[in-house]
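Throughout, read-outs are computed from the coordinates displayed, never taken from laboratory work. Since the structure is predicted, the reported quantities are computational estimates derived from the model, not experimental observations. Cβ coordinates were reconstructed from backbone atoms using ideal geometry, including for glycine residues, and neighbour counts include every protein chain displayed.
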Amino acid sequence: MVPKPGTDGSKGEIFVVYDGECPFCSRFVMLYRIRQNVGRVHLIDARDSDHPMVREISSKGLDLNNGMAVKWDGRFYYGSDALHVLAMLGSEQGIFSRINQMLFARRGLAKLIYPSMVAGRKLTLRMLGRPPIANV
């Protein structure tokens, strides 16, 4: 279950940590519309190992090569759970947002689809000659 914005006293900030060198990840976060339902959105490149959020995620043992991470309302979401949260917070405007909600608003479907998305991302990065993310 996704909490309501600001239930931990925050001002509705969300941190989305994704692979900035992955063409799919970069496009996804740029197209996704969550600003309407959440306050400030912080898009963080997982390859920036000096960023405190990247270090915090790595300290939790979450491998950013195997999934994106979202911190919202004081809680971390990883992999398919991160996509599920984004789908629940996303706008219903635009075809991209509607498709994402159809696929990822259902937690079970998100968990089923996500591994093939990660595999496709890894294959694409390998084909582009881009190295894995150096986890801190």
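Treating only the Cβ of Lys, Arg, Asp and Glu as charged (+1, +1, -1, -1), what charge dipole size does segment 14-127 show about its Cα centre? Round to the nearest 20 debye.
That gives segment 14-127 a dipole magnitude of about 300 debye.
Quick one: net charge around Asn65, please, counting Lys, Arg +1 and Asp, Glu -1 for every other residue with C-beta under 10 Å from its C-beta.
So the surrounding residues net to 0.
If you take every DSSP beta bridge whose two residues both sit in segment 14-127, what share of them, in percent to the nearest 5, is antiparallel?
60 percent
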